[in-house]
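Asker: Got a structure here, written out as structure tokens. Questions coming.
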Amino acid sequence: MGEFLLLAFVFLVAGVVAVPIASRLGLGSVLGYLIAGIALSPVLAALNVDVVSIQHFAEFGVVMMLFLVGLELEPRMLWEMRARLVGLGGLQVALTILAVMGLAILLGQPWTIALAIGMIMSLSSTAIVLQTLNEKGLIKGDGGQASFSVLLTQDIAVIPMLAVIPLLAMPELAELTGAAAHGADIAHGNPDHGHAGGDHGPDLNLTADLPGWAAALVTVAAIAAVIVGGSLLTRPIFRFVSAARLRELFVATALMIVIGIALLMTLVGLSPALGTFIAGVVLANSEYRHELESDIDPFRGLLLGLFFITVGASID
């Protein structure tokens with residue numbers, strides 16, 4: 001218990017000290033959290049803290065943030081953004097992949113490794129960009145909406161990328177080079193950070209051993225379940241819970257829904273953040289939207305801050 005309290009106190013002190021200073025200097029809270037994490041790195045190492053495990057837990061703040069963003073977007077608004085999603089976002093991903101791939105080939109990399117590098121470099125951090133846009137009040141403007149369209153396209157593009165990377169690691173394509181083995185290690189590890197999945201618990205992906213057509217059907221069924229469940233089941237559930245007139249029970253229900261959707265997406269091999277974003281869009285017209293926002297936002301802020309601190313602490 002003492003170790004947990006000490007660790008919590010250290011993280012809170014770092015955030016409380018670093019973020020106001022960074023904000024006064026015009027650097028923003030994200031950079032403040034990162035600097036706090038860098039400063040804490042020696043302390044956490046001395047305490048033998050597993051920063052990676054804490055980071056995986058804190059990543060749920062990103063999931064909550066995408067859920068709250070979805071709550072702000074009605075399905076009609078999302079449909080109106082289709083041109084930006086396909087045009088602006090699609091061009092950004094495709095052109096970045098081609099440019100980086102071409103540069104990597106010029107530097108002597110095999111085309112398989114060059115393509116993998118291009119796909120990785122075409123992505124950016126949804127958490128950092130959206131947090132910065134929200135702080136500066138830019139998310140509602142044209143630039144903010146364009147940036148969000150690109151980020152959402154990147155989140156969707158991750159799905160086919162994760163399907164392609166293991167194929168690029170095949171010996172037939174990689175010509176039995178050592179790079180092929182390294183690519184296979186990355187492809188079968190954590191898609192966000194490259195840490196081996198076996199180091200942090202069992203693999204919960206139910207589609208891993210299924211043939212391609214079956215995995216696709218399971219994935220589509222999971223997304224359909226989120227949409228249908230969000231449309232038909234959430235209102236009766238919240239009405240039932242609200243009858244108890246206990247605020248903490250409503251908060252628990254909101255967290256249960258977000259965690260359940262994130263778990264379902266993880267089980268079918270999809271991004272939990274993308275799944276909760278879809279659920280947020282489905283619930284955007286719900287009469288309980290504002291209650292959901294007010295209940296989840298404090299958890300989102302704390303977990304995001306912890307996530308940024310752990311990112312800073314993991315920098316070598």
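Asker: Select from the range 135-164 the residues that are hydrophobic (A, V, I, L, M, F, W, C), under 19 Å from the mean Cα position of the chain (by Cα) and part of a helix (DSSP H, G or I) and list them in ascending order. Spell out how you get there, then give the answer.
Answerer: Step one: of the range 135-164, the residues hydrophobic (A, V, I, L, M, F, W, C) are 138-139, 146, 148, 150-152, 156-159, 161-164.
Now restrict to residues that are under 19 Å from the mean Cα position of the chain (by Cα): 139, 146, 148, 150-152, 156-159, 161-163.
Within the range 135-164, 146, 148, 150, 151, 152, 156, 157, 158, 159, 161, 162, 163 meet the criteria.
Asker: Then there's this: Return yes or no: is residue 105 open to solvent by 30 Å² or more (accessible area, probe 1.4 Å) and within 13 Å of the chain's Cα centre (by Cα)?
Answerer: Working: open to solvent by 30 Å² or more (accessible area, probe 1.4 Å): yes; within 13 Å of the chain's Cα centre (by Cα): no.
It is false that residue 105 is open to solvent by 30 Å² or more (accessible area, probe 1.4 Å) and within 13 Å of the chain's Cα centre (by Cα).
Asker: Name, by its number, the condition in (1) in a helix (DSSP H, G or I); (2) within 26 Å of residue 72 (Cα to Cα) that does not hold for residue 101.
Answerer: Exception for residue 101: condition (2).
Asker: From the list 35, 97, which one is open to solvent by 30 Å² or more (accessible area, probe 1.4 Å), farther than 30 Å from residue 291 by Cα and in contact with a Gly (Cβ under 7 Å, 6 or more places away or on another chain)?
Answerer: Numbers: 97 fails: open to solvent by 30 Å² or more (accessible area, probe 1.4 Å).
None of the others qualify; the one that does is 35.
Asker: Given the residues 61, 32, 90, which is the only one that is among the small types (Gly, Ala, Ser), touching a Lys or Arg at 6+ places or on another chain (Cβ under 9 Å) and either under 21 Å from residue 138 (Cα atoms) or modelled with pLDDT of 85 or more (or both)?
Answerer: None of the others qualify; the one that does is 61.
Asker: Okay, moving on. Could you run through the range 13-28 and say how many residues are small (Gly, Ala, Ser) and at pLDDT 85 or above?
Answerer: As a first pass, look at the range 13-28 and keep what is small (Gly, Ala, Ser): 14-15, 18, 22-23, 26, 28.
Filter once more, so that each one left must be at pLDDT 85 or above: 14-15, 18, 22.
Number satisfying all stated conditions: 4.
The values are calculated or read from the model by the stated rules, or taken from the named source; none is laboratory data. Quick caveat: nothing in here was measured; it's all calculated off a predicted structure. Note that we place each Cβ from the backbone using ideal geometry, even for glycine, and neighbour counts take in every protein chain shown. Each accessible area value is taken on the protein alone, full model and side chains, heavy atoms only, with ligands, DNA and RNA left out. Shrake-Rupley method; radii C 1.70, N 1.55, O 1.52, S 1.80 Å.
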